[in-house]
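The values are calculated or read from the model by the stated rules, or taken from the named source; none is laboratory data. Quantities reported herein were computed from a predicted structural model and do not represent experimental measurements. Cβ placement follows ideal geometry from the backbone for every residue including glycine, while neighbour counts extend to all protein chains displayed.
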Amino acid sequence: MVKAQVAANPKWAQELSRQKRTIVDNKPAPAYTYTEDDTRIQAAFGWGSEDVDMQVLAMVASGGEATHCMGADAPLAAMSTFAHAAYDYFKQRHAQVTNPPIDPIREGHVMTTDVWLGQRPNCVDVALELDAGADLVRIETPVMHQAELDEVSSVLSTTTLSTVYDPATESLEEAVKRISEEAVNAVRDGAKLVILSDKTFEPTGELLYVQPLIAVGASHHALISSGLRMSASLVVETAQVWSTHHVATLIGYGASAVHPYMLFRVATQLTTPPAEGKKAKAAVESNVGIENARNALKAGVLKIMSKIGISTLSSYHGADPASVVSSSISSLASMASPWAHGAATPSTWPHESPRRPARHRRVSRVQTQAPRSSSASASTRRSSTWPSRARLPESAV
């Protein structure tokens, strides 16, 4: 009775007329094309053959994550002599209990990955009728394909910022600062959606790119510092996403959604026969393979959320949900959250840029530790066998 009386108030109809909400769901995946240059772009963004054969192929073929055996003898990224993507330095936090606080399978009805894009009005201004109304778009998963991104861009005022830069004219620090300032200026000029894209990167050896985790973390906190964070959403369009950990880390440090265009190009390659009379690696249609990859990433994000007891993606968004594992903690913390946790300023970020990133490699204990019988002191052995600083690439060509 009380609910009916409150709902019958004509004020609610007036309020709803001021709000515009668009739902984007069940849109078929468009066609992606894999070219010869994409192989070099994959190498530049840190892809390895095992990423395609062990992770992506399983997602494309089955719609779920690959199953691996327990244990990993590869060294931590901070203690590896090889280059790693920025995500590898972040480890997801989880609840310290015997079983997960939420089961994403049996309790899936209370969990959701719905994302609202656009300007979110202040609840106090809405109550006092001081807001100008809301223009929001809802998507069912944070992993978008090109058709969904195009539709969202047609509804919301959108600005696309390139994360590619020329090292001959600006440093990594200057590029990150420029991108952050461009994001703030775009939102001040009325943009409701800011896309951070590295699609313009070309594997010619002349250009570099700011890693997406660095770009989105810096832009996220720049908008917070400017008081504009609730005025727009950040979307990352990148070739450096191929696992659930990548998606979860980007969302945890400020991205509302991700468009992994290279992942979908690889999905197209895996579902296309290499030659006449040959069979494709994944026995599904290309559009089905893309949807399978999206579903696998969505299920993986739900699993990661359940580890920490979070049931909605909005609670995970921008929550800094990972721990930094690095021999240069301040540099890693400043990378994704430059002005958070009392971290160092961007001038302390590592600027090394190896020629080509390598994936995890198995390194035996003999290779990583000095013999105990050595006459050198413990501190000398440590400095001679472990890198004193994490090597985070600006990019690689």
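To keep it simple, each residue is scored yes or no on (1) out of contact with any strand residue (DSSP E or B) (no Cβ under 7 Å at 6 or more places or on another chain); (2) at pLDDT 90 or above; (3) farther than 17 Å from Leu313 by Cα; (4) exposed (fewer than 14 other Cβ atoms within 10 Å of the Cβ).
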{"residue": "Ala43", "(1), (2), (3), (4)": "yes, yes, yes, no"}
{"residue": "Val52", "(1), (2), (3), (4)": "yes, yes, yes, no"}
{"residue": "Glu65", "(1), (2), (3), (4)": "yes, no, yes, no"}
{"residue": "Ala78", "(1), (2), (3), (4)": "yes, no, yes, no"}
{"residue": "Phe90", "(1), (2), (3), (4)": "no, no, yes, no"}
{"residue": "His94", "(1), (2), (3), (4)": "yes, no, no, no"}
{"residue": "Arg106", "(1), (2), (3), (4)": "yes, no, yes, yes"}
{"residue": "Val110", "(1), (2), (3), (4)": "yes, no, no, yes"}
{"residue": "Val115", "(1), (2), (3), (4)": "no, yes, no, no"}
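Looking at the range 27-81 only, could you name the residues that are among the aromatic types (Phe, Trp, Tyr) and in contact with a Ser or Thr (Cβ under 8 Å, 6 or more places away or on another chain)? Let's see the steps before the verdict.
Keep residues of the range 27-81 that are among the aromatic types (Phe, Trp, Tyr), which gives 32, 34, 45, 47.
The answer is Tyr32, Tyr34, Phe45.
Looking across the range 17-34, the residues that are of a type in the set (Ser, Thr, Tyr) and either within 17 Å of Trp116 (Cα to Cα) or without any contact (Cβ under 8 Å) to a residue 24 or more places away in the chain (or both) come down to Ser17, Thr22. For the range 15-29, the set of residues classified as surrounded by 10 or more Cβ atoms within 10 Å (Cβ to Cβ) and under 23 Å from Lys192 (Cβ atoms) consists of Glu15, Leu16, Arg18, Gln19, Lys20, Arg21, Thr22, Ile23, Val24, Asp25, Lys27, listed by residue number. Taking each residue of the range 282-309 that is within 22 Å of Asp25 (Cβ to Cβ) and looking for partners that are among the aliphatic types (A, V, I, L, M) and surrounded by fewer than 20 Cβ atoms within 10 Å (Cβ to Cβ) with beta-carbon atoms closer than 8 Å, six or more apart or interchain, yields Ser286/Ala31; Asn287/Ala31; Asn292/Val284; Ala296/Ala58; Leu302/Met111; Met305/Met111.
When Asn185 is tested against the conditions (1) in contact with a strand residue (DSSP E or B) (Cβ under 6 Å, 6 or more places away or on another chain); (2) of a type in the set (S, T, N, Q); (3) without any contact (Cβ under 8 Å) to a residue 24 or more places away in the chain, the lone failure is (1). The listed residues are Ala44, Ala74, Ala7, Ala31, and the only one of them that is more than 22 Å from the chain's Cα centre (by Cα) and over 30 Å from Arg138 (Cα atoms) turns out to be Ala74.
Residues that are at pLDDT 80 or above and basic (Lys, Arg), at least 2 per element: which helices (runs of 4 or more DSSP H) completely within the range 268-349 meet that? Steps first, answer last, please.
Working: elements: 286-307, 313-316, 329-336.
Where helices (runs of 4 or more DSSP H) fall fully within the range 268-349 and carry at least 2 residues being at pLDDT 80 or above and basic (Lys, Arg), they are 286-307.
For the range 142-194, the set of residues classified as surrounded by fewer than 22 Cβ atoms within 10 Å (Cβ to Cβ), in contact with a helix residue (DSSP H, G or I) (Cβ under 7 Å, 6 or more places away or on another chain) and among the hydroxyl-bearing types (Ser, Thr, Tyr) consists of Thr159 only.
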